[in-house]
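Inspection log for the structure reproduced underneath, given as structure tokens.
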2 protein chains.
Amino acid sequence: MRGDWARAALVHLFAAGVLLLSAPARAEDGYDLWLRYRPIEATAQAQYRPLATAVVSQATSPTLDAAKTELTKGLSGLLDRPVGAGALADGAVVIGTPASSPLIAGLKLPLAPLGNEGYLIRSTSIDGHAVTVIAANRDIGVLYGSFAFLRLIQTRQQIARLDISSAPRLKLRLLNHWDNIDGTIERGYAGHSIFDWHKMPDYMDPRYTVMARADASVGINGIALNNVSSDVWMLAPMYIGKVAALADVLRPYGVRVYLSIKFSAPVELGKLKTADPADPMVAAWWKQEVDAIYRQIPDFGGFVVKANSEGQPGPRDYNRSQAEGANVVADALKPHGGTVFWRAFVYSEKDPTDRAKQAYNEFKPLDGKFRDNVFVQTKNGAIDFQPREPVHPLFGAMPKTNLALEVQLTKEYLGQATHLVYLPVLFKEVLDWDTMAKGKGSTVARVIDGSLEGHTTSAMVGVSNIGDDRNWTGSQFNQADWYGFGRLAWDLNLTPEQIAREWLAQTFTNDPAFIDKMAPMMMASREAVVNYMTPLGLHHIMATGHHYGPGPWVDDLPRPEQNPVYFHRADAKGVGFDRTPSGSDATSQYAPPIAKLFAGPDIPDRYLLWFQHVGWDHKMKSGRSLWDELVLHYDEGVAQVAQMRQTWDAMKPYVDAERWSQTAAFLGIQAKEAQWWRDACIAYFETFSHMPMPAGHAAPPHDLTYYKAVYIPYAPGRTGYTAAPFKNTPKDPDQNGIATQIP
Amino acid sequence: MRGDWARAALVHLFAAGVLLLSAPARAEDGYDLWLRYRPIEATAQAQYRPLATAVVSQATSPTLDAAKTELTKGLSGLLDRPVGAGALADGAVVIGTPASSPLIAGLKLPLAPLGNEGYLIRSTSIDGHAVTVIAANRDIGVLYGSFAFLRLIQTRQQIARLDISSAPRLKLRLLNHWDNIDGTIERGYAGHSIFDWHKMPDYMDPRYTVMARADASVGINGIALNNVSSDVWMLAPMYIGKVAALADVLRPYGVRVYLSIKFSAPVELGKLKTADPADPMVAAWWKQEVDAIYRQIPDFGGFVVKANSEGQPGPRDYNRSQAEGANVVADALKPHGGTVFWRAFVYSEKDPTDRAKQAYNEFKPLDGKFRDNVFVQTKNGAIDFQPREPVHPLFGAMPKTNLALEVQLTKEYLGQATHLVYLPVLFKEVLDWDTMAKGKGSTVARVIDGSLEGHTTSAMVGVSNIGDDRNWTGSQFNQADWYGFGRLAWDLNLTPEQIAREWLAQTFTNDPAFIDKMAPMMMASREAVVNYMTPLGLHHIMATGHHYGPGPWVDDLPRPEQNPVYFHRADAKGVGFDRTPSGSDATSQYAPPIAKLFAGPDIPDRYLLWFQHVGWDHKMKSGRSLWDELVLHYDEGVAQVAQMRQTWDAMKPYVDAERWSQTAAFLGIQAKEAQWWRDACIAYFETFSHMPMPAGHAAPPHDLTYYKAVYIPYAPGRTGYTAAPFKNTPKDPDQNGIATQIP
């Protein structure tokens, strides 16, 4: 086996040499994502070639043509010989629907259970020819099946005896791009927006098509194009024209467009006196606006709404409920088949209630009051996309409402562009969480797929990590979160490890010597970031605004519930937010067995400080004091990153130079910043615990003053933001920001 | 000859096919600039191969290694076979300096006149081997010579009997990047900044090296990294550390780094009470700051300063002259060999003097008062980078001062990203302009190269058009301005047509059927934009702020000298700014023969309305009325763009699909916008002239109200800018901005 790989490597080197001579080889930079289609090992080629000789498509449509193009391009690349469109013959790949292909129709395949998007791949025989069919009820299923077929080869599965059926578990699998019209991206760490609105519709960047291919390859079937903190200009006719042009590009790939809207649009855009959802003029305005959109975009997806949240306008400005707000928009969309995603992310600086409780308090009483084309789009946790949160108590608590799960792919709180943190582990932790709402087995997965309460629609939403960086997502490994989000939303039963392995094979190499090291490294990476940032249930102790680096000491923000000290509540006695019945009683928002667990002594360590205020010398399950356990977790996180760097160093023979070097540099930044997090947090909490460092664990090299003085004027990812005036920090250049601070 | 090309094309098609099989071919997207090194025609390969068999370099240095790498990469690519580093043999390319290469030293070449940067390329014989030597006094000359040698092959010159010497006419050939730390670019139309300050110094994007190669390939030897409207943070220690890391990347390519500084830095950064240049504390602070920079960057280039201009602080805040301001910084730089570029772009909203006169009035009296390491950096014209301006009257008027010419590569006023306008035509018009300062032949070229007044230093500065767009400059053809700026600054005698032809050959194809059509099209493109925007000496009638599209009617800006109506002065009698002695007398700032010409009846049409207010029925040299002539020029501009589109359509066989399509789309935008300019300006000026359209020329399709209502909320290229609130334009979607307005 190893010999085969060595021979294959030699073949590759030779092929690379030939390329170098024909045209200067362009470095791999991540642009091709997991759709690279580079030639596979010669032995594998030999096995696959007879089974993929040509692509047979008997009809033409934009989506069928996209499938055909993808297959011919992918098979030609992977098998290193031309595979074109052709006629029926041995080894043909026959694609289509019964309606578009007499050959497929003649097979009378069991397609009914596959719905509108599912596909069937089967090795069979037509007119005496051994063929593979990729069949579906609709063209989009054929495209999904084509990507699945290519994935089989990319991951070196057998394709001689196929009988695969697959249909998505969730109906709507969406990304929300938080992109502003001016090209900035709220919480974007991958450059600027890929949407060049200024040049649309006259120039449509080829990247839009590549993005659509990537979305389709993992089953993402809709994207909201603009920031949830929305600019009302987005609904102006000149922009709707541009959106329509973009929708035309995405449509063949089954990707529908959605827009984030500003609830006050009837006033700002429509010049009405009010945006009160109970006002018939307002309802009429929304209807007229929506009708105009559908005239240009007949398959427009719908709206995303952030209302009465962080300064955005909403129905409460008119003393109407969130449901009344959602319904006025939903009624306008309903005749066209459009959907409203109404975000549950609300909290108020005027409400002294524990911020973690506010969304539940506001939305739960509205259960049953939302139209059936409304989703209440709920973040995975009740605070805000932390490295680890207990699941949002709304899941399982609104049985009569369509709930959509919102997760964040862009790593606002998890290391941003550079930290290698594989998020599907987090997503899966959320999906597997048992809400106990209807007894054991009431997982979040079953809440959002509708099966728990018998809903007929379902959705999962990821906040996009896509920008105009050449590698799309800011780093090579952030691509895995885009990939993994789509794969999971299609099939909630996939494990993060399966997804990591297939992503690694497609993105880098199928060599087990690589994958067997890298998959475990990816799997462990999420716990590492929890350890070096927010172990044991700590949360939201990041620096202000940009959330880059530690800021547990911050206590001077005007909104109290945005201050880190609000969340960790460290004092001389201990640390943690008492959310038990003796405290804010947030635990009571969960089903009774969970509420009891979180309020009691058996609470898992990982949620301890989220729900309980605990003494510094509290004896943990390990027998150690809380303080010692905290330090150990921080050091464990730093050690895990060091281990990741070692692993990656050993992967150099398997990865092209440019992607290897970029990743190595980013892991270096991650290591430096993990240490910064560890040192700063320990230096801070030590001022309360006054306890010695556990044996063998070094004290932070600087005192707290040092860490508090670090100021990063231009950390990325904030929009509409200006750096503070220059602060005269000490003359030591080490004191001017972490970037030059930690060697 | 045509048969050869056809065969070559077939060979290319075959080669492309092979590539497709080896790895999915990546589309050409412009990233490789003019350094593509694709295989040339087989016949040409056969001629060149024996003359470039290996590269012989007898020493190692970062710059020599860069030369060796470029040659081996370039020759291997162009000649389609491996050309590596090797030993002396027939056909070897021997590179080096006498100090680094005994082989070169033994040849006793006449290198002395070449200075520090020049090179010599000679076909000769060493030890009986026919070789080509690329020799220079310093390593950087070897690198420049290596690029020149590759260019010979790229443009299919003979290389068998070479004896070429070349040295730059100007000592400092610089780009100013107007990039902000937050990634935005002032007047940038090619995406955002390529400088990822946040990740520096830990991650150095490979693009920095590609940019340095491109700069070096055309002889650019310095870049200022940040916006002239500077952020004081740029001088903070954490950023100087990052700048030092970038300098390390650029250094092997002979590109020195400069920084734009804020004159108030001693107050903001140094916490002094004043930035008064006469205060010894201020001088000491600058010295300390500069010393600290040179400790990290020993070859730091110096500072660019925009002082007392458009809101920037400066010496006049303390009643000191521009010279006193420049000198305090120059004195700090002097011991290290650093230079100050002190910009002459000043005008005041409080000074009622003709804005065109103010810089001259302020700077001319200071002639002789600037230190010898100061350049007064003067824009090519006295207003602001218009499609056409008469040359700035300061050229020739400050004989005792180092004057640097500043031109703008980023097309703030000439169509921004999408209009195809070849700027070297404009640059050359400026360089060839005879100031008559010391009689006939006192060209701008001779002013800035120092020869007119015997200066020992010299400089030309281009405002960069580089961003993080994949094609670097926003469009494929904007690359020609980067290329042409460098080539011209190296050799002021080159013609724009020569430069266009060599750029086309390297960037697209050497096929004469392509170049013979495209070079004339590029040459005509600058006159086209003058015609459809600002014919006959009109200027600065662009829309407010972003300068995108026409705005001749704008009269409500708080600073009067920024209003278009200030510049064109249209009224019932006529149009144009009377700058003759009967008006602002700006003509008197020129040498007498020129002053007389511009104030009199023989003034060339192209400067007419710049200097004279002329009646609508004024009889032009053509015999037509001014009004008719104006309309004819606008229509001529529109027709020229239509012709460009036709030409480009016919070029499809010669250009790869992606670059062809992008350029075709951009030409479509240019055509639409040329029409918009023409219609809007005619509709506006007609309200004064009240004259009928000349026969055969159509009236604008809409009335003036329509054009005035066009509002583009997010035109690119402005920093620190927020769109106006939504304006309720008429319900007709056509009324909401040009992007959807003109079909």
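The values are calculated or read from the model by the stated rules, or taken from the named source; none is laboratory data. Since this is a predicted model, take the numbers as computed values, not measurements. Here the Cβ is made from the backbone with ideal geometry for all residues, glycine too, and neighbour counts use every protein chain on show. To get the accessible areas, we keep the full protein, side chains included, count just its heavy atoms, and leave off ligands, DNA and RNA. Shrake-Rupley method; radii C 1.70, N 1.55, O 1.52, S 1.80 Å.
What the table below lists for this structure:
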item: Matching entry among B:VAL425, B:VAL421, B:VAL461, B:VAL447 (being touching a Phe, Trp or Tyr at 6+ places or on another chain (Cβ under 9 Å), open to solvent by 10 Å² or more (accessible area, probe 1.4 Å) and in contact (Cβ under 8 Å) with a residue 24 or more places away in the chain); result: B:VAL447
item: Those residues of segment B:85-103 which are in contact with a strand residue (DSSP E or B) (Cβ under 6 Å, 6 or more places away or on another chain) and free of Cβ contacts under 8 Å to residues at least 40 places away in the same chain, in sequence order; result: B:ALA85, B:GLY86
item: Qualifying residue in segment B:64-84 (condition: modelled with pLDDT under 95 and hydrophobic (A, V, I, L, M, F, W, C)); result: no
item: Residue list for segment A:41-56, filter: in a loop (DSSP other than H, G, I, E, B) and either over 15 Å from A:ILE159 (Cα atoms) or open to solvent by 30 Å² or more (accessible area, probe 1.4 Å) (or both); result: A:GLU41, A:THR53
item: When residues of segment B:64-81 are limited to those that are within 7 Å of chain A (Cβ to nearest Cβ) and farther than 25 Å from B:THR97 by Cβ, the one surrounded by the most Cβ atoms within 10 Å (Cβ to Cβ); result: B:GLY77
item: Yes/no for A:LYS621 being out of contact with any Cys (no Cβ under 7 Å at 6 or more places or on another chain), farther than 30 Å from A:SER442 by Cα, open to solvent by 60 Å² or more (accessible area, probe 1.4 Å) and at pLDDT 95 or above; result: no
item: Filter pass, A:ASN478 being buried (at least 24 other Cβ atoms within 10 Å of the Cβ), out of contact with any strand residue (DSSP E or B) (no Cβ under 6 Å at 6 or more places or on another chain) and either at pLDDT 95 or above or of a type outside the set (Ser, Thr, Tyr) (or both); result: yes
item: Extreme residue, nearest to the chain's Cα centre (by Cα), among residues of segment B:214-236 that are away from chain A (no Cβ under 14 Å) and either of a type in the set (Phe, Trp, Tyr) or in a helix (DSSP H, G or I) (or both); result: B:ASP215
item: Test for B:THR495: is it over 30 Å from B:ASN227 (Cβ atoms) and within 16 Å of the chain's Cα centre (by Cα); result: yes
item: Within segment A:250-276, tally of residues that are open to solvent by less than 30 Å² (accessible area, probe 1.4 Å), in contact (Cβ under 8 Å) with a residue 24 or more places away in the chain and within 14 Å of chain B (Cβ to nearest Cβ); result: 5
item: Filter result (open to solvent by less than 10 Å² (accessible area, probe 1.4 Å) and hydrophobic (A, V, I, L, M, F, W, C)) within segment A:481-493; result: A:TRP482, A:PHE485, A:LEU488, A:ALA489, A:LEU492
item: Restricting segment B:135-163 to residues that are surrounded by 19 or more Cβ atoms within 10 Å (Cβ to Cβ) and hydroxyl-bearing (Ser, Thr, Tyr), the residue that is nearest to B:TYR208 (Cα to Cα); result: B:TYR144
item: Residues of segment A:494-541 satisfying the condition of being out of contact with any Phe, Trp or Tyr (no Cβ under 9 Å at 6 or more places or on another chain), open to solvent by less than 30 Å² (accessible area, probe 1.4 Å) and either not hydrophobic (A, V, I, L, M, F, W, C) or not in a helix (DSSP H, G or I) (or both); result: A:LEU494, A:ASN510
item: Test: residue in segment A:4-15 that is modelled with pLDDT under 95 and facing chain B (nearest Cβ under 8 Å); result: yes
item: Subset of segment B:646-667 (residues that are within 24 Å of the chain's Cα centre (by Cα) and within 14 Å of another protein chain (Cβ to nearest Cβ)); result: B:ARG659, B:TRP660, B:GLN662, B:THR663, B:ALA664, B:ALA665, B:PHE666, B:LEU667
item: Among (1) under 21 Å from the mean Cα position of the chain (by Cα); (2) open to solvent by less than 10 Å² (accessible area, probe 1.4 Å), the one test that A:THR401 misses; result: (1)
item: Residue that is surrounded by the most Cβ atoms within 10 Å (Cβ to Cβ), among those in segment B:82-97 that are in contact with a Lys or Arg (Cβ under 8 Å, 6 or more places away or on another chain) and within 26 Å of B:ASP491 (Cβ to Cβ); result: B:ILE95
item: Among (1) part of a loop (DSSP other than H, G, I, E, B); (2) touching a residue at least 60 places away in the same chain (Cβ under 8 Å), the one test that B:PRO692 misses; result: (2)
item: Qualifying residue in segment A:334-351 (condition: open to solvent by 10 Å² or more (accessible area, probe 1.4 Å), part of a helix (DSSP H, G or I), touching a helix residue (DSSP H, G or I) at 6+ places or on another chain (Cβ under 9 Å) and of a type in the set (D, E, K, R)); result: no
item: Options A:THR647, A:THR587; residue that is open to solvent by less than 10 Å² (accessible area, probe 1.4 Å), part of a helix (DSSP H, G or I) and at pLDDT 95 or above; result: A:THR587
item: Considering residues of segment B:196-213 that are in contact with a helix residue (DSSP H, G or I) (Cβ under 7 Å, 6 or more places away or on another chain) and in contact (Cβ under 8 Å) with a residue 24 or more places away in the chain only, the residue nearest to B:THR69 (Cα to Cα); result: B:ARG213
item: Residues satisfying the stated conditions in segment A:362-384, i.e. among the aromatic types (Phe, Trp, Tyr) and open to solvent by 10 Å² or more (accessible area, probe 1.4 Å); result: A:PHE370
item: Of all residues in segment B:682-721 being open to solvent by less than 20 Å² (accessible area, probe 1.4 Å) and among the β-branched types (Val, Ile, Thr), the one that is modelled with the highest pLDDT; result: B:ILE682
item: Qualifying residue in segment A:497-515 (condition: under 23 Å from A:GLY615 (Cα atoms) and at pLDDT 95 or above); result: no
item: Leading residue by the ranking (nearest to the other protein chains (Cβ to nearest Cβ)) among those in segment A:164-213 that are surrounded by fewer than 23 Cβ atoms within 10 Å (Cβ to Cβ), of a type in the set (A, V, I, L, M, F, W, C) and assigned to a helix (DSSP H, G or I); result: A:VAL210
item: B:THR580, sole failed condition from (1) closer than 15 Å to B:LYS357 by Cβ; (2) not in a loop (DSSP other than H, G, I, E, B); result: (2)
item: Residue among A:ASP299, A:ASP317 that alone is within 26 Å of the chain's Cα centre (by Cα), on the phi < 0 side of the Ramachandran plot and of a type in the set (D, E, K, R); result: A:ASP299
